Amino acid sequence: MSYYLNSENHLDPGPIYVRENGQLHMVNLALDGVRNSLQKPRPFRLFPKGFSVELCMNREDDTTQKEKTDHFIFTYTREGNLRYSAKSLFSLVLGFISDNVDHIDSLIGFPEQIAEKLFSAAEARQKFTEPGTGLRALQKFTEAYGSLVLCSLCLRNRYLVISEKLEEIKSFRELTCLDLSCCKLGDEHELLEHLTNEALSSVTQLHLKDNCLSDAGVRKMTAPVRVMKRGLENLTLLDLSCNPEITDAGIGYLFSFRKLNCLDISGTGLKDIKAIKHKLQTHIGLVHSKVPLKEFDHSNCKTEGWADQIVLQWERVTSEAVKPQEPSESRKAAQHFYGKRTRTETPVKCPLADTHMNSTEKLQFYKEKVSDCHGPLLKHEAISSQESKKSKRAFEEPEKEQGNSSQSSKQKYVCLAVEDWDLLNSY
């Protein structure tokens, strides 16, 4: 205390109050015997000396300053003056929860409108791309909202995204359309086993074109449906084209899909195609199409839902991670000296448009009685329709004659009693 009183550069402590005999008195400090005198009151300062205003909107390293300015919205007036206004309480709370979205216990029963805004706020902060916290945050949304998060997922030719974000992809539930074409999964891939999970029992369209599948993979995929009547039991469209290891025995496992309306097995290793056509027609009612079906042009399945931009973020992150680096100048000089060229990696293209395959070679099947598949009108259907019209006309004439005879009979037997009419009406 004495050091503080004797220091020259001391700060003014302000007024001091002392309570004596139940009364409060204000006293002044005596500095080394200096005569007590009333000092002039100093003006109150909101900020200390040397304080300067600095906008820290773009400084990511200074987190404390960012938290201070995050509560305001900065705009410019027509005159060019800077104007700031405070954010609403809802925006502040939404931003705080989205920053800590991985700590949410559950979202079940939470309103969908607020949850969508929370999902968008977390997506803008790229919380779902973080390696550990992104998976936990995504699982909270998928288990509470299901198809609203994602109802259709297209991962065509995105095998890098599947390998890097497999657990995140497995967290999606209640998908109706899934496109895994040209991903080279194989029979033992973990995602192929996940297709038989109850969480994906809602899938109605499944594209597995060019995935190195064989009869073993088809048997594994159809086992829950064949044995326990679970799994992909609601499947209506299946694309297994460009899988040459699938043979006649593997097609037999597809007979368990009773709701199947469209099937593509072009480019497979079938031997007795005529027998396969007959079996598909007799077992599940699928007819071979003479023209290509538009259901297999891969334009219907697109990524749709709240998380459609997240899939694009995953693809961008994975593509940047495996981006080939530019060789150094010394390496370029060495390659030039030895006459070697820099190796350029060409991306593998998915054979979606099989131009080399004629329409007669395509093995696409559809169900005649289902209007969703929009199959082509065959000749025998037109013939059958014409025959039905003729038969209707043939039956119309005797019906007219029977009608005339019945009217005459009614007129002839008008003298029936009331009891007789009641008996006839009872029949």
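Over the heavy atoms of Cys177, what accessible area does a 1.4 Å probe trace out, to the nearest 10 Å²?
For Cys177, solvent-accessible area is about 10 Å².
Give the residue from Leu135, Thr75, Ile114 lying farthest towards the positive end of the charge dipole for segment 73-149; charges sit on Cβ (+1 for Lys and Arg, -1 for Asp and Glu) and the dipole is referred to the Cα centre.
Going by the charge dipole, the pick is Thr75.
State the antiparallel share, in %, of DSSP beta bridges confined to segment 150-312, rounding to the nearest 5.
Working: 1 of 14 bridges.
Approximately 5 percent, going by the DSSP bridge assignments.
Rank these residues by their accessible area, most exposed first, probe 1.4 Å: Leu24, Leu240, Leu135, Leu89. Walk me through the numbers before you get to the answer.
Values: Leu24 105, Leu240 0, Leu135 40, Leu89 125 Å².
In descending accessible area the options line up as Leu89, Leu24, Leu135, Leu240.
What do you get for GluC sites (Glu not before Pro) in segment 159-198 restricted to DSSP loop and a cutoff of at most 12 other Cβ within 10 Å of the site's Cβ? Please list the in-between numbers first.
Numbers: sites: Glu164, Glu167, Glu168, Glu174, Glu188, Glu190, Glu193, Glu198; in loops: Glu174, Glu188.
Taking segment 159-198 and a limit of 12 other Cβ atoms within 10 Å, the loop GluC sites (Glu not before Pro) found are Glu188.
Just list whichever of Lys184/Lys279; Lys140/Lys294; Lys127/Lys259; Lys184/Lys277 have alpha carbons separated by over 31 Å in the model shown. All intermediate terms of the calculation are to be shown ahead of the outcome.
Working: Lys184/Lys279 29 Å; Lys140/Lys294 37 Å; Lys127/Lys259 39 Å; Lys184/Lys277 27 Å.
From Lys184/Lys279; Lys140/Lys294; Lys127/Lys259; Lys184/Lys277, over 31 Å: Lys140/Lys294; Lys127/Lys259.
Taking the full set of protein chains and a 1.4 angstrom probe, give the accessible area of Arg219 in square angstrom, rounded to the nearest 10.
In the full protein context, Arg219 sits at about 110 Å².
I need the phi-derived Karplus couplings for segment 263-276: 6.51 cos²θ - 1.76 cosθ + 1.60, θ = phi - 60°, integer Hz, Gly and Pro marked x.
9, 10, 10, 6, x, 9, x, 6, 10, 9, 5, 5, 5, 5
Quick one: what are the phi-derived ³J(HN,Hα) couplings along segment 277-286, Karplus 6.51/-1.76/1.60 with θ = phi - 60°, whole Hz, x for glycine and proline?
4, 5, 5, 5, 6, 7, 8, 10, x, 9
Sort 98-106, 304-312 by packing, meaning the average of other beta carbons within 10 Å per residue, with the highest value first.
Numbers: 98-106: 14.6, 304-312: 18.6.
Packing order, densest peptide first, comes out as 304-312, 98-106.
Just the accessible area for Phe110, please: 1.4 Å probe, Å², rounded to the nearest 10?
For Phe110, the solvent-accessible surface is approximately 90 Å².
Take every Cα pair under 8 Å in segment 86-152 that's 6+ residues apart, average their separations, divide by the length, and report that relative contact order as a whole percent. Can you show the working numbers first?
Numbers: 44 pairs, mean separation 25.0, N = 67.
For segment 86-152, the relative contact order is 37 percent.
The values are calculated or read from the model by the stated rules, or taken from the named source; none is laboratory data. Everything numeric in this text was worked out from a predicted model, so none of it was measured. Heads up, the Cβs are rebuilt from the backbone with ideal geometry, glycines too, and the neighbour counts pull from every protein chain shown. Ligands, DNA and RNA are stripped out before the accessible areas are found, and what is left, the full protein with its side chains, is counted by its heavy atoms. Shrake-Rupley method; radii C 1.70, N 1.55, O 1.52, S 1.80 Å.
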